[in-house]
Amino acid sequence: MLQTANLSFQYKKKEPTFHFPDISLKKQENLLILGKSGVGKTTFLHLLAGLLKPISGTVAINDTLINSLSPSRLDKFRGQNIGLVFQKNHVVKSLNVFDNLQARLFFSRKSINKATIDHLLEQLDLYDVKKNNVNQLSEGQLQRLGIANAVIHNPQIILADEPTSSLDDDNCKIVIDLLINQAKQTNANLIVITHDHRVKSSFPNSISL
């Protein structure tokens with residue numbers, strides 16, 4: 001499902017080069033990647049998503065070498081096959097909750113099924129605010145909307161960058177359980193990158209950078 005080999009990256013010449021471990025995930029297999037600040041966790045996630053191009057090595061998703069795709073094909077592939085949960089929520093502030101998800105499907109070139117959107121909003125306890133503008137949402141609701149945006153198009157890979165770093169213990173567990181549950185429902189691989197060791201018990205597979 002997802003494989004990497006000999007990945008390395010350097011932002012500028014004379015700066016340190018990041019070298020990353022090889023990973024190989026089967027269908028529906030999840031992975032936790034732990035590491036302190038500065039070890040390249042977010043860089044690794046951006047390489048997996050094709051947002052950065054490695055100086056060496058490969059990333060393969062379902063046998064597609066994403067770093068060999070042209071920029072336009074990579075954008076299309078990412079939009080259809082990868083779901084990203086960022087540290088900061090990326091939503092369209094001029095749209096309400098429901099329309100944000102419709103827009104995500106539109107840009108992923110996936111069919112828009114309003115019943116499917118409603119079902120996901122119910123699962124994430126957002127149905128009652130689906131017509132609310134995003135600036136009316138609480139931090140917890142915004143975080144769940146970020147998860148909804150990452151999974152609404154049924155991606156093959158869900159990548160989450162520090163999804164629990166600012167949460168208390170109860171909400172930490174809620175968010176991780178939501179991510180694992182959504183990945184299971186869409187038959188996706190979930191990769192969480194974090195320094196938060198509280199989530200380790202939720203992942204049978206983990207590596208440290």
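Of note:
- For the range 169-208, filtered to residues that are among the hydroxyl-bearing types (Ser, Thr, Tyr) and not in a helix (DSSP H, G or I), the residue that is farthest from residue 42 (Cα to Cα) is 186.
- For the range 185-206, the set of residues classified as modelled with pLDDT of 90 or more, open to solvent by 40 Å² or more (accessible area, probe 1.4 Å) and under 28 Å from residue 102 (Cα atoms) is empty.
- Breaking point among (1) free of Cβ contacts under 8 Å to residues at least 60 places away in the same chain; (2) loosely packed, with under 12 Cβ neighbours inside 10 Å, for residue 100: (2)
- Test: residue in the range 118-141 that is touching an Asp or Glu at 6+ places or on another chain (Cβ under 7 Å) and either open to solvent by less than 40 Å² (accessible area, probe 1.4 Å) or in a helix (DSSP H, G or I) (or both): yes
- The listed residues are 86, 77, and the only one of them that is surrounded by 16 or more Cβ atoms within 10 Å (Cβ to Cβ) and at pLDDT below 90 turns out to be 86.
- Residue 10 being in contact (Cβ under 8 Å) with a residue 60 or more places away in the chain, surrounded by fewer than 19 Cβ atoms within 10 Å (Cβ to Cβ) and either in contact with a strand residue (DSSP E or B) (Cβ under 6 Å, 6 or more places away or on another chain) or over 25 Å from residue 164 (Cα atoms) (or both): no
- A single member of 209, 159, 178 is under 29 Å from residue 20 (Cα atoms), more than 16 Å from the chain's Cα centre (by Cα), among the hydrophobic types (A, V, I, L, M, F, W, C) and crowded, with 17+ Cβ neighbours inside 10 Å, and it is 209.
- Residue-level analysis places residue 31 among those that are in contact (Cβ under 8 Å) with a residue 60 or more places away in the chain and buried (at least 18 other Cβ atoms within 10 Å of the Cβ).
- Selected residue (criterion: nearest to residue 12 (Cα to Cα)) from residues of the range 73-103 that are part of a helix (DSSP H, G or I) and hydrophobic (A, V, I, L, M, F, W, C): 74
- Inter-residue pairs, beta-carbon under 7 Å, first touching a residue at least 60 places away in the same chain (Cβ under 8 Å) and in the range 151-167, second surrounded by fewer than 24 Cβ atoms within 10 Å (Cβ to Cβ) and among the acidic types (Asp, Glu), 6+ apart: 165/196
- Residue in the range 55-72 that is β-branched (Val, Ile, Thr), in a helix (DSSP H, G or I) and in contact (Cβ under 8 Å) with a residue 24 or more places away in the chain present: no
- Residue list for the range 104-117, restricted to those being in a loop (DSSP other than H, G, I, E, B) and either of a type outside the set (Val, Ile, Thr) or crowded, with 17+ Cβ neighbours inside 10 Å (or both): 108, 109, 110, 111, 113
The values are calculated or read from the model by the stated rules, or taken from the named source; none is laboratory data. Nothing here was measured: the structure is a model prediction, and the numbers come from that model. For neighbour counting, all protein chains shown are included, and Cβ atoms are generated from backbone atoms with ideal geometry for every residue, glycine included. Please note that ligands, DNA and RNA were not included when accessible areas were found on the heavy atoms of the full protein model with its side chains. Shrake-Rupley method; radii C 1.70, N 1.55, O 1.52, S 1.80 Å.
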